[in-house]
Amino acid sequence: MKNLKSIFIYTFLSLAAIVSIFPFLWMLVSITNKSVDVTQGRLIPGTHLIENMKTLFATVDIVPALMNSAIIAIITTILTLLLASLAGYGFEIHRSKGKDIVFNILLLSMMIPFAAIMVPLYRMFGSISDTAPFLGIDSLGAVILPTATTAFFIFFFRQNTKMFPKDLVEAGRIDGLSEIGVFFRIYMPTMKTTYAAAAIISFMNSWNNYLWPLVILQSPEKRTIPLLISNLGSSYAPDYGVIMSAIVIATLPTALVFFLMQKHFVAGMMGSVKG
Amino acid sequence: MKKFYLMLVLLVGMAVLAACSSGDEEASGGSSEGSSSVDTITAWAWDPAFNIAALEKAKEAYSGDGDFEVNIIENAQDDIIQKLNTGLSSGTTKGMPNIVLIEDYRAQSFLQAYPDAFHPLTDVINSNDFADYKIATTSFDGEQYGLPFDSGVAGLYVRTDYLEEAGYTPEDLTNITWDEYIEIGKKVKEATGKNMLTLDPNDLGQIRMMIQTNGSWYVDEDGSTPNLAGNESLEKAFETYKKMMDADIGKIVSDWSQFVGAFNSGDVASVPTGNWITPSIKQAADQSGKWAVVPMPRLDMEGAVNASNLGGSSWYILNVDGKEQAADFMLNTFGSNVDLYQTLVKDIGALGTYSAAAEGDAYAVEDEFFGGQQLLSDLSSWTDEIPGVNYGLHTYAIEDILVTGMQDYLNGTELKTVLENVQGQAEAQLK
Amino acid sequence: MSQQSTKKGELDLPVSLRYKETRREKNGVFFRKKVGWLFVIISVIAITIFNFYPMVQAFLLSFQSGMGGNLEYVGFNNWQRLFGDPTFIAALTNTSIYLLIQVPLMIVLALFFSVLLNDPKLKFRGFFRIAIFLPCVTSLVAYSVIFKYLFGIDGIINQFLLNFGFISQTINFLADPFWAKVVIILAITWRWTGYNMIFYLAALQNVDKSIYEAARIDGANAFQQFFQITVPMLKPIILFTSITSTIGTLQIFDEIVNITNGGPGNATISISQYIYNLSFEYTPDFGYASTVSYVIVILVVILSIIQFRVAGEKK
């Protein structure tokens, strides 16, 4: 019975894993193939890897784009984690009628498609371009600001805070911690896994963000990775082998972040903590 | 936990430092852009092997007396459309380029949607110097705005080896009608098992090319009234499309990479499309010598000609600081420089629409890939015959409606009913 | 909530400290109420500036119409126009179908995966986790190419179905209005299940293990444990993922543009794709595009209220 169950589980998971990984593997195979083979969906590795990489590094500045994406994603993630967890904590632990209303209104902000608010947002950043160029059009600041505080993560932290044992807050207060101290010394360490999950998602969102960086950034040297890949596909005769190479390079950081962060998803935080 | 905090602090520090340093760069760049006399003009285009390369050549060839740098920036075409629309509609000229390349099908949309955003070139260039068919779409309200650039002249790219197997030569496909083309297609499929062409039911470029052979378009000459129901050319084109489907000579593809994949792998015997496909055709080096290009088939109607167009684009100058300099740059390069066009043809294979340029030697070169055909000179002579139409405002909006109509038609709905439906929908949607 | 725990804390205090505490406590409660706002204030201000201000502008835009920069007020014309616009109606219908089928399917799958992948005794746990997560970082370009090949006329799926006798004739999945929708639903589910799994995996770590042990001792089997412990414990997160997935699916864009581009005809077009077309693909009409955007807002508000109610959280 036990065996049967685990056979079923492993078969099921293996099938799911194959289905999930297949396109990713094809991507890896494609970077070794010529454009002609990629367009025909060839599944066998070829010998064009070095060629593709050479062309890629010769035609586009992929390293600066990776740097830009990394800077933006790291700052955005840190700001998001800090601000959203503060707010999510505040809304749940210091719950009040007024705050509940404010919270519900905040949720509204994630319901509108970004395309609808893009033009007014662009105008706003355009108007401060002269007084504060580091926040104006074509600045990394302008990319980060509107994405660093989102109701999405506040909502996420608040929902997780509902599972946070409130006794710990009280215990902290009794120990003489200030309100902010309780947050930093008790809440943050206890909610490590929640932070890890938020970090994965936030990093990924920021890394893949396309529309806003596209309209707000102008100089080629400030381009992020998705913009660079979009350019690669724009010519009348796109080289799919090279495009795939860029895509693979662009995908690795998010996969890596996930891999590092998921290690925190182990054992319960309370009760019987197992190694 | 301590390690975690330490890492956090380090990361923040690094990130802030990086952001600040790039912020400083921005500040200095921004202030120089803000002043009224510009020392850098910016140009946007999309294809590094084609129009970006053409800009580079123009920059080298520029001989005017303007003292400025030309900053060429590559953006994907869709990206340019999004950036322009967002920037222009927000009313901020910040971050907008001086020169931008716009596809001809979209030009009227931009000119009419943002009337003061573009700088007229009526007094700068002579519109008679360019292929006739380009003028209607690049001008608006009596002013010439666009500087016509690449020709979207269409050709029928054929596999001579497959044709031979079926007993045909490229001459047999020269100056034929679409109906004749279908008949040949059936024979070719019989003999070789290969489809005659690719068809993408979601992309009606095929229909566009067909109706332009008869000087017709989706809209009336005013550029905005839908002209679908009762449009005989469109009816004929729809019928022809269905015939191709029924004759089973088309390989169905669903996107660009499959389209390219189909002819690269030798799955089709011909590719009717714009001449900008040449580099993609040549990508399959093993097929060298097996291709030829003949004029586009025409609709089987009175007045239709064997010349058409697909795509093509023109340069526009935005009404921002530096517009005079940008205009001077364009006049002294794409606007008058015959040698530049020779270079474009020789080095990039880019076919312009500046009429005087077609006389040069570079156009007469024989292309081995196409069995020694003087491809560019052929294409260039067909360019002159393309019937001029005003593409107007709604090419893509109407096409999305037509795609649905085409589905209905292929599934058996009466053609008249289909076209009346799409006419009604278009009128409702494009108020 | 905080009031209650305050009292509880008070009771726990040593008697000797009680007297002193009551005075301080009064100020403390007052201060604590204020300090609560300090936690949320930065986010509230930032979201107001970067979201609500542009949202109000977009709302005003929804009463205007015109090409590009030439907008003028047209009252409720745009809203009326919605009802007579076949493309909008098609987009709304398609999007609703995606929503109804895809969101529940994905939430259940994600929950299921996360429970399996949370088992500390599971071998290759890290591998399975990253495998299921990979689709949401796999580039759209790559996966749309793959999906198109898999579901092509001579694709693997057709060959498989033919060989095993499930079908007698190949299905042109992407050219058939019904099957194209199925492919889109599969694609969205494929891409976002791993994403939602992350939320559950993280939340499961916050569930007290001893509850499970107690249940096991009481003889509860795996299914009972799942429905009687896991689901109720994760309710806040299930609510979170179902609301955010509802929003995500109502705004679905990338998958459709890359796999079917709305076709055949407009059998798979989504509301967001239509908004994009109205803004950038056609001669831009940002006014009407705003109106269509607000339809999404209205839908999400209604659905969210329902979901909050169902989850039993007081509004």
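Suppose we take every Cα in the protein assembly as shown and form the convex hull; what volume per residue is that in Å³? Let's see the in-between values first.
Working: hull volume 179.4 nm³, N = 1021.
Cα convex hull per residue, to the nearest whole number: 176 Å³.
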So what J values fall out for the stretch B:92-109 if you push phi through Karplus, 6.51 cos²θ - 1.76 cosθ + 1.60 with θ = phi - 60°, rounded to Hz, Gly and Pro as x?
9, 8, 3, x, 7, x, 8, 10, 9, 9, 10, 5, 4, 4, 9, 4, 4, 4
Taking the Cα-to-Cβ direction at A:Ser14 and at C:Asn77 and moving 7 Å from each Cα, how far apart do the two end points lie in nm?
6.4
Once the Cβ-Cβ distance between A:Ile44 and A:Ser6 is put in as r, and R0 is 30 Å, what FRET efficiency do you end up with, to the nearest 0.05?
0.30
Cβ-placed point charges (K, R +1; D, E -1), dipole of the stretch B:297-431 about Cα centre in debye, nearest 20:
380
Rough spin-label spacing in nm, given labels placed 7 Å along Cα→Cβ, for C:Glu213 and C:Phe124
3.1
Tell me, what HN-Hα J-couplings in whole Hz come from the Karplus equation 6.51 cos²θ - 1.76 cosθ + 1.60 at θ = phi - 60° for each residue of the stretch C:60-69, using x for Gly and Pro?
4, 4, 5, 9, 10, 8, x, 7, x, x
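May I ask you to compute the full-extension gain from C:Ile42 to C:Asn221, defined as 0.36 nm times their residue separation minus their alpha-carbon distance, rounded to one decimal in nm? List each step's numbers first, then the result.
Values: separation 179, 0.36 × 179 = 64.44 nm, distance 4.65 nm.
Extra length available between C:Ile42 and C:Asn221 comes to 59.8 nm.
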Using θ = phi - 60° and the Karplus curve 6.51 cos²θ - 1.76 cosθ + 1.60, what whole-Hz ³J(HN,Hα) does each residue of the stretch A:217-224 get, with Gly and Pro shown as x?
8, 10, 6, x, 6, 9, 4, 8
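Would you kindly work out the equivalent ellipsoid of chain B from its C-alpha gyration tensor and give its semi-axes, the square roots of five times the eigenvalues, largest first in whole Å? Provide the component values of the computation, followed by the final result.
Working: eigenvalues 319, 134, 127 Å².
Each semi-axis is √(5λ); the values are 40, 26, 25 Å.
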Computed FRET efficiency, Cβ-Cβ of B:Ser336 and A:Thr55, R0 25 Å: what is it to the nearest 0.05?
0.10
Report, in deg cm²/dmol and to the nearest 500, the calculated mean residue ellipticity at 222 nm for chain B, where each DSSP H run with n ≥ 4 adds -39500 (n - 2.57) and the sum is divided by the residue count.
-13500 deg cm²/dmol
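Based on DSSP H runs of at least 4 residues, each adding -39500 (n - 2.57), what is the mean residue ellipticity at 222 nm of chain A after dividing by all its residues, to the nearest 500 deg cm²/dmol? Walk me through the intermediate numbers first.
Details: 13 runs with 186 residues, N = 275.
After summing the helix terms and dividing by the residues of chain A, the value is -22000 deg cm²/dmol.
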Those residues of the stretch B:229-260 whose amide nitrogen sits under 20 Å from the label point placed on B:Thr413, 7 Å along Cα→Cβ
B:229-246
What longest region of chain C stays clear of chymotrypsin sites (Phe, Trp or Tyr not before Pro) that DSSP places outside H, G, I, E and B and that have at most 11 other Cβ atoms within 10 Å?
C:167-315
Please name whichever of B:Ala428, B:Pro297, B:Ile207 sits farthest to the positive end of the charge dipole of chain B, dipole taken about the Cα centre and charges placed at Cβ: Lys and Arg +1, Asp and Glu -1.
B:Ala428
Compare each residue of the stretch A:158-173 in its chain alone against the assembly with all protein chains, and report those whose accessible area goes down by 10 Å² or more; 1.4 Å probe, heavy atoms.
A:Gln159, A:Asn160, A:Lys162, A:Met163, A:Lys166, A:Asp167, A:Glu170, A:Arg173
If amide H atoms are modeled at 1.01 Å from N in the peptide plane, then the residues at a separation of 5 or more from B:Leu156, or on another chain, having amide H under 5 Å from its own are B:Val294, B:Met296
Towards the positive end of the charge dipole of the protein assembly as shown, with charges on Cβ (+1 Lys, Arg; -1 Asp, Glu), say which of A:Ala199, C:Trp79, A:Asn3 has the farthest Cα.
A:Asn3
GNM on chain A, Cα springs under 10 Å; top mean-square fluctuation among A:Ile62, A:Ile78, A:Ile128 goes to A:Ile128
Please work out, to two decimal places, the log10 of the ratio I(q)/I(0) at q = 0.21 Å⁻¹ from a Debye calculation in which every Cα of the stretch B:360-405 carries one identical scatterer.
-0.73
Report D for the stretch B:236-318 in µm² per second (integer): Stokes-Einstein, Kirkwood Rh on Cα pairs, 20 °C, 1.002 mPa s.
141
Over the stretch A:163-275, what is the mean sequence separation of C-alpha contacts under 8 Å (at least six apart), divided by residue count, expressed as relative contact order in percent?
26
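Once Rh for the stretch C:66-121 is found with the Kirkwood sum over Cα pairs, what is the Stokes-Einstein diffusion coefficient at 10 °C and 1.306 mPa s, in µm²/s? Please report the intermediate quantities before stating the final value.
Numbers: Rh = 15.2 Å.
Rounded, D is 104 µm²/s.
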For B:Asn71, what residues show an amide H to amide H distance below 5 Å, using hydrogens built from the backbone and excluding near sequence neighbours?
B:Ile41, B:Thr42, B:Ala43
Interface A-C: total buried accessible area (1.4 Å probe, Å², nearest 100) of 8600
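Note down the relative contact order for the stretch C:81-310 as a percent, whole number, built from C-alpha pairs under 8 angstrom at least six residues apart. Each step should come with its number before you reach the end.
Details: 232 pairs, mean separation 67.4, N = 230.
Computed over the stretch C:81-310, the figure is 29 percent.
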Solvent-accessible area per residue for the protein assembly as shown (1.4 angstrom probe, square angstrom)
40
Links that overshoot a 18 Å alpha carbon limit, given the list B:Lys242/B:Lys416; B:Lys186/B:Lys242; A:Lys263/C:Lys121; A:Lys34/B:Lys290; A:Lys34/A:Lys54:
A:Lys34/B:Lys290
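Report the percentage of all Cα-Cα pairs in the stretch A:62-232 whose separation exceeds 24 Å, rounded to a whole percent. Working shown, then result.
On the way: 6527 of 14535 pairs.
Summing the P(r) of the stretch A:62-232 above 24 Å gives 45 percent of all pairs.
About the Cα centre of chain C, what is the dipole size in debye to 20, counting +1 per Lys and Arg Cβ and -1 per Asp and Glu Cβ, all else neutral? Present the calculation step by step, with values, prior to reporting the outcome.
On the way: 24 positive and 17 negative charges, 341 e Å.
Dipole magnitude for chain C comes out near 1640 debye.
With all protein chains present, how much of the accessible area of the stretch C:81-310 (probe radius 1.4 Å) comes from carbon and sulfur, to the nearest whole percent?
Numbers: 5890 of 8580 Å².
Whole-percent figure for carbon plus sulfur exposure: 69.
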In whole Å, how far is the Cα centre of the stretch B:144-166 from that of the stretch A:107-155?
45
Quick one: how many Å² of B:Asp347 are accessible to a 1.4 Å probe, rounded to 10?
90
quick shape note, the stretch C:81-310: Cα extents on principal axes in Å, largest first -> 65, 47, 28
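How much of the calculated P(r) for the stretch A:79-151 lies past 17 Å, in percent of all Cα pairs? Working shown, then result.
Details: 1484 of 2628 pairs.
That fraction is 56 percent.
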Share of accessible surface on carbon and sulfur in chain B, whole %, 1.4 Å probe and ligands ignored, is 47
Using only atoms on other chains, find how many Cβ atoms lie within 10 Å of each Cβ of peptide C:234-243 and report the average.
4
Positions from the stretch B:68-87 whose accessible area shrinks by 30 Å² or more when the full protein complex is built, not the chain alone, probe 1.4 Å
B:Ile73, B:Glu74, B:Ala76, B:Asp79, B:Gln82, B:Lys83, B:Asn85, B:Thr86
Over the stretch B:145-282, with a single point scatterer placed on each C-alpha, what log10 of the ratio I(q)/I(0) does the Debye formula yield at q = 0.12, 0.18, 0.20, 0.21 1/Å?
-0.51, -1.09, -1.30, -1.39
Per-residue ellipticity at 222 nm for chain C, helices alone: DSSP H runs ≥ 4 residues times -39500 (n - 2.57), over residue total, nearest 500 deg cm²/dmol?
-22000 deg cm²/dmol
Given 5 Å bins starting at zero, what is the percent of C-alpha pairs of the stretch B:96-162 in each, up to the one with the largest pair distance?
3, 15, 26, 22, 13, 6, 5, 4, 3, 3, 1
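The values are calculated or read from the model by the stated rules, or taken from the named source; none is laboratory data. In this text, all values refer to a predicted model and were calculated from it rather than measured experimentally. No Cβ is skipped: glycine too gets one built from the backbone with ideal geometry, and neighbour counts run over all protein chains shown. Heavy atoms of the whole protein, side chains included, go into the accessibility calculation; ligands, DNA and RNA do not. Shrake-Rupley method; radii C 1.70, N 1.55, O 1.52, S 1.80 Å.
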